Amino acid sequence: MNDAANAVLVEEEESPGTQYLTFLLADEQYGLNILQVQEIRGWEKPTRIPNSPKYLRGVVNLRGTIVPVMDMRLRFGLPVEPYSKETVVIVVNAVCKRGVERSIGLIVDAVSDVVVANDEQIVNTPEFGSHVPTENIIGLVNQGGSMVMLLDVASLIETDVAEEDG
Amino acid sequence: MSIDMAQFHQVFFEESFEGLDIMEQGLLGMDGGAVDPEEVNAIFRAAHSIKGGSGTFGFTEISDFTHVMETLLDEMRDGRREATADAVNVLLQSVDVLREMLTAAQDGGSTDRERVKQQHAELERILADKEGGAEPSVLAETPVVDGAPSVELQPVGWKVVFRPHQHLMRTGNDPLRIIRELASLGELEAECDVAALPEFAEFEPEDSYLSWQLRLREPVDKAQIDDIFEWVEDDCDFAIVPIMPEGFDSENAGEETKADAAVPAQAVAATEPPVERRVGERRKQGDRRQGDRRGSGAGSAGTSSSIRVDINKIDSLINMVGELVITQSMLGMLGDDFDMSRVERLREGLTQLERHTRELQESVMQIRMVPISFSFSRFPRLVHDLSSKLGKNIELKMSGENTEVDKTVIEKIGDPLVHLVRNSLDHGIETPEERVAAGKPEMGTVHLGASHRGGNIVIEIRDDGRGLPRDKIFNKAIERGLVKPDDNLSDKDIYDLIFQPGFSTAEQVSDVSGRGVGMDVVRRNINELGGAIEIDSTPGQGSAIIIRLPLTLAILDGQTVRIGDETYIVPLVSIIESIQIHEDMLSTVAGRGETFKLREEYLPIVRMHEVFGIENPDARNLTDGILVVVEGEGRKCGLFVDDLLGQQQVVIKSLEANHRKVDGLSGATILGDGSVALILDIPGLMRLAKQRGLNAGAPLALTA
C-alpha cells in the first residue's frame, strides 16, 4: 500500500519536473520548491527579537505557533527598500537537522509565478558573481530568457537556527 | 497482514514499569517479616503480567527471568516458603535487574547478561534452598510455562479446537488470520473438519462452516494463544488443551488427544464451562486493559510519551465542551436577530462563554496533572537501601503524595529529588552513635512532603540531622575565592553557596554523595522548570530544602511591561515588587555599576532598553521609569522599564520550535490582540547584562 503511494509520488516528481514558486527580490527572480511553501501572507509588523541579526525582523503568530520572519533583501545584502503593498511573507517549512520540521517566513518584494523544472534543466551555480551564499542555492534555471535562482529552504532555515551554536 | 505488535510495546513497557513499582513497594512492605497474603498476591500478579506480556512480545529473556521470580513468589504465596530477609532482598535486586532489562528492551540497548545470569543464579540458590520449596529446579530449568501454579510440568505444545460460529466472518474476523497467527508461534498442524458444510445450493458465502483442530508443537505460553483468540472469543468455541511430553503420563495425554481427535465437538462441549468462565474473567481484564490503552493514547507507536488519564477527567472535559457548544448556539441565535433590547442577554451569554472557556482550559490542564506519588514512590526503596549501606537508622515520612503536578514536572523533578534526599541521608542524618550523644532519638527522620501553596507546588525535604555546617561552608567559599573573609553574609547567602558548581565540604567522597557535582545541577533543573529552591537550616536541629514549582509549564502568570513600543512579560513568580525610585536610593558602586538601595540591600539595576537594544524608550532617567525588582537563582536585581501594563495568564509558546534559544528570553506568548510578546528569562537576563557589562561603570543618568 505504501509502496504504491510512493510510486505515484515518484512518478509525479519525475515526469513533469518539480514546481517552483518564484518571487522577486531587487528585480531578480528566485524560486522555492512549491511543496515547501506553506502559505503566503501579507506583511504585518512582527515582534522584534532583541539582539538578533538585522535581517531577522522578528516573530509573528501563525495560528498559535511562533514563526520568525526574515527580510530576504537584508539576508542577501541587497539594497533596502521600504515595504510596499506588494511586499509579502512567504512561509516555508522544511525538515532540518535531527528530523525537526521548522517554519520560517521570508519577506520578499512580490510573488511572481510558478515554474516547472526537471533536474536536467537545472544548471549548477557559478561559484562567484552572486550575493547569495552558494550553500543556499540548489541551482539556476532558465525561464523565458531570464535566470531563476532556486533556493534551498532547509539551508536557509538552518543558518537561522545554527547561529546560536556559534 | 499481521498486526504490528510494535504499536503495543509502549503500553507493555508502561504497564511493566508500573508492575515493577508495585512489586518493589510490596517487597519493601514485606521487609518487616510479617507477610500479608494480599501483598504477596499483588506482587505475584505484577510479576505474572510482566512475564505474560514479555512472552507475547517476544522478550524471552525477560519472561525467562521473571518466571524464576514468579516461582519463588508463588511458593511464598502458597505459604510453602517463608519470606526471609534474604529472599526479599534477592527479589528486590531482581526487580532492579528486571527494570534494567526492560529499559534495555525499550531503548533497544543491550542487557548486562552477566548481571542477569548472576541474579538468575541467586534466585535459583534461594529456590534450591529446599526448606519447603516443592520442585523448584524443574521449574527453573523450564522457563516458559503457563503461569497457573498448579501446572508443574511443562507441556510440549498445545492442542486447540477452534470452531467459529457461523457469523464469524461478518464480524470482520477471518479464521485464516487466526490460524496464521498461531502458525507464527511455531510448527502448526491443522486438521479441518468439513462436516458442517451444507449443500452447495444452501451455501452462504459469508458464513463460516469449517472448524479446525490445530496442534501447535511449541512450548509457548498459554497466554499467547489466549491473546490470539481474544479478538474472536465471543464468536467461536475454542478449547486449548496442553500436549504433554512423551513418556510422562503418556497414557493419559494420549487418551486425551485421541478422544479429542475423534469427537471434537464433544471435546469443545466438555471444556466449555471452564472456557466460559475464563472468558468472563478475561473480558473483565480485557476491558480494563483497553480502557487503559485508550487513556494512554494508543496511536503513538513508541516515539511520543503517553499519559494515563483518569476517565473522570475526560468525562468532565466532555461535559464542559457540551456546555460550551450550548452557549455558542445560544449566542448564535441571539445574533440572528439582534436589537439593542437584548444587549443584556448578550452580556450574560458572553460571561457564560468566558466562564466555560476558563473551565475548559482548567479541565484540559488537569489532564496533564498526575499525583506526585509517581515521583515519590521510589524513595522508600532508596532510603531502605541507603540507610543500610550507610549504617544509619532512618525513617522516611511522606505527606501530600496525592498533590497533582504537571507530568513534565514529575519527569524532571525526579533526579533532583533523589539527589537532595541522598544528601540528607548522607550528610544530614548522623550515625546512631552521634545522634544518641547529641540527645536525639537513634532513628533519624527524613520527611518528604508536597503541598499546594497559591499557584505553586511546594516540595519540602526536611531532616532532623545535624544541619548545614555554616562555618565550614563559609571557610570553603573563602578558600575557593567565592567570597571574601570580610563579606558580611546572611546565613541564607552562605547556604546558597552550596549551589555553586563543584562546591563540596565533604571531607570524604563516598559513593553516595559528596563530589560536589549536583547541587548546581539541581538548581539548574529546578530553574528550568520555572521554580526556585531555598535552604533553611538550624545547626544540630536539621535542615530543610524547599522547592517551589509552578503547577504547570504550559501557563504562566505574567506581568506585562512596556519599554518604548515593545511589550515583554515578566513571570510573576520572579517579581518581588515594583517600585518608583528616588534619587537618594541610587548609588554607583565602583566596578559594579548602577545600584539602588532597597531595605539595606544594594541591588544592581538592569536597564532593559540597553540590554535589549530598544531604540526609543520613554524613560532614560532612572527616576522617570519603574524598577521591577526580580529574583532569579538567588540573586536579585531591578529591571528598569517604562511602564507596567497589567497582569495576565499567558500560554507559553516555544521560540525554539522554529527559531532558536535567545539569551534573556524563555519563550513567547500570544496576546489578546494576536500579537506576539516575549517572556523574560530572569536568570538569563542577569547573565546577559553581566556579560555585556552594560551597567558596569555606566555613568549615573541623574540629571535632576
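The values are calculated or read from the model by the stated rules, or taken from the named source; none is laboratory data. Keep in mind that this is a model prediction, so the values were computed, not measured. Every residue, glycine as well, gets a Cβ built from its backbone with ideal geometry; the counts of neighbours run over all protein chains shown.
I'd like the full set of residues that are part of a helix (DSSP H, G or I), surrounded by fewer than 22 Cβ atoms within 10 Å (Cβ to Cβ) and of a type in the set (Asp, Glu), limited to the range B:19-42.
Passing the criteria: B:Asp21, B:Glu38, B:Glu39.
Take the range B:606-620 and flag every residue that is aliphatic (A, V, I, L, M) and away from chain A (no Cβ under 14 Å).
The first filter runs over the range B:606-620 and keeps only residues aliphatic (A, V, I, L, M), leaving B:606, B:608, B:611, B:614, B:619.
If the condition is that a residue be aliphatic (A, V, I, L, M) and away from chain A (no Cβ under 14 Å), then B:Ala619 is the only one that fits.
Determine whether the range B:43-50 contains at least one residue that is part of a helix (DSSP H, G or I), among the basic types (Lys, Arg) and not assigned by TED's automatic domain parsing to the domain that holds B:Arg180.
Yes, the conditions are met somewhere in the range B:43-50.
The rows are residues; the columns are (1) under 25 Å from B:Ile498 (Cα atoms); (2) surrounded by 16 or more Cβ atoms within 10 Å (Cβ to Cβ).
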site	(1), (2)
B:Leu386	yes, yes
B:Thr408	no, no
B:Asp415	yes, no
B:Ser424	yes, yes
B:Thr431	yes, no
B:Lys440	no, yes
B:His452	no, no
B:Ile459	yes, yes
B:Gly465	yes, yes
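Does the range A:51-72 include one or more residues that are assigned to a helix (DSSP H, G or I), closer than 16 Å to A:Tyr30 by Cα and more than 13 Å from chain B (Cβ to nearest Cβ)?
Yes - at least one qualifying residue is present in the range A:51-72.
Looking at the range B:319-342, can you tell me whether even one residue there is hydroxyl-bearing (Ser, Thr, Tyr), more than 30 Å from B:Ile22 (Cα to Cα) and modelled with pLDDT under 85?
Within the range B:319-342 (the criterion being hydroxyl-bearing (Ser, Thr, Tyr), more than 30 Å from B:Ile22 (Cα to Cα) and modelled with pLDDT under 85), the answer is yes, since at least one residue qualifies.
If you take the residues in the range B:366-392 that are assigned to a loop (DSSP other than H, G, I, E, B) and under 18 Å from B:Asn456 (Cβ atoms), which one is modelled with the lowest pLDDT?
By that ranking, first place goes to B:Arg368.
Of the conditions (1) within 14 Å of another protein chain (Cβ to nearest Cβ); (2) surrounded by fewer than 20 Cβ atoms within 10 Å (Cβ to Cβ), B:Leu655 clears all except one; give me its number.
For B:Leu655, the failing item is (2).
How many residues are of a type outside the set (A, V, I, L, M), under 27 Å from B:Lys440 (Cα atoms) and crowded, with 19+ Cβ neighbours inside 10 Å when one looks only at the range B:531-568? Lay out the reasoning, then the answer.
First, pick out the residues of the range B:531-568 that are of a type outside the set (A, V, I, L, M): B:531, B:534, B:536-543, B:548, B:550, B:552, B:557-560, B:562, B:564-568.
Applying the additional criterion that residues be under 27 Å from B:Lys440 (Cα atoms) yields B:534, B:536-543.
Imposing the further condition that a residue be crowded, with 19+ Cβ neighbours inside 10 Å reduces the set to B:537, B:542-543.
Looking only at that region, the number is 3.
Identify the residue in the range B:182-207 that is surrounded by 15 or more Cβ atoms within 10 Å (Cβ to Cβ) and in contact with an Asp or Glu (Cβ under 9 Å, 6 or more places away or on another chain) and, among all such residues, is farthest from B:Glu230 (Cα to Cα).
Ranking the qualifying residues of the range B:182-207, first place goes to B:Leu188.
Within the range B:579-588, does at least one residue satisfy the condition of being surrounded by fewer than 15 Cβ atoms within 10 Å (Cβ to Cβ), modelled with pLDDT under 85 and closer than 15 Å to B:Met686 by Cα?
So far as the range B:579-588 goes, no, none of its residues is surrounded by fewer than 15 Cβ atoms within 10 Å (Cβ to Cβ), modelled with pLDDT under 85 and closer than 15 Å to B:Met686 by Cα.
Please enumerate the residues belonging to the range B:374-403 that are out of contact with any helix residue (DSSP H, G or I) (no Cβ under 7 Å at 6 or more places or on another chain) and among the polar types (S, T, N, Q).
If the condition is that a residue be out of contact with any helix residue (DSSP H, G or I) (no Cβ under 7 Å at 6 or more places or on another chain) and among the polar types (S, T, N, Q), then B:Ser388, B:Ser399, B:Thr403 are the ones that fit.
Any residue at all in the range B:621-641 that's assigned to a strand (DSSP E or B), within 14 Å of chain A (Cβ to nearest Cβ), on the phi < 0 side of the Ramachandran plot and surrounded by 19 or more Cβ atoms within 10 Å (Cβ to Cβ)?
Scanning the range B:621-641 turns up at least one residue that is assigned to a strand (DSSP E or B), within 14 Å of chain A (Cβ to nearest Cβ), on the phi < 0 side of the Ramachandran plot and surrounded by 19 or more Cβ atoms within 10 Å (Cβ to Cβ).
Quick one: which of B:Leu386, B:Leu360, B:Leu331 is within 19 Å of B:Leu92 (Cα to Cα) and of a type in the set (A, V, I, L, M)?
Criteria check complete, one pass: B:Leu386.
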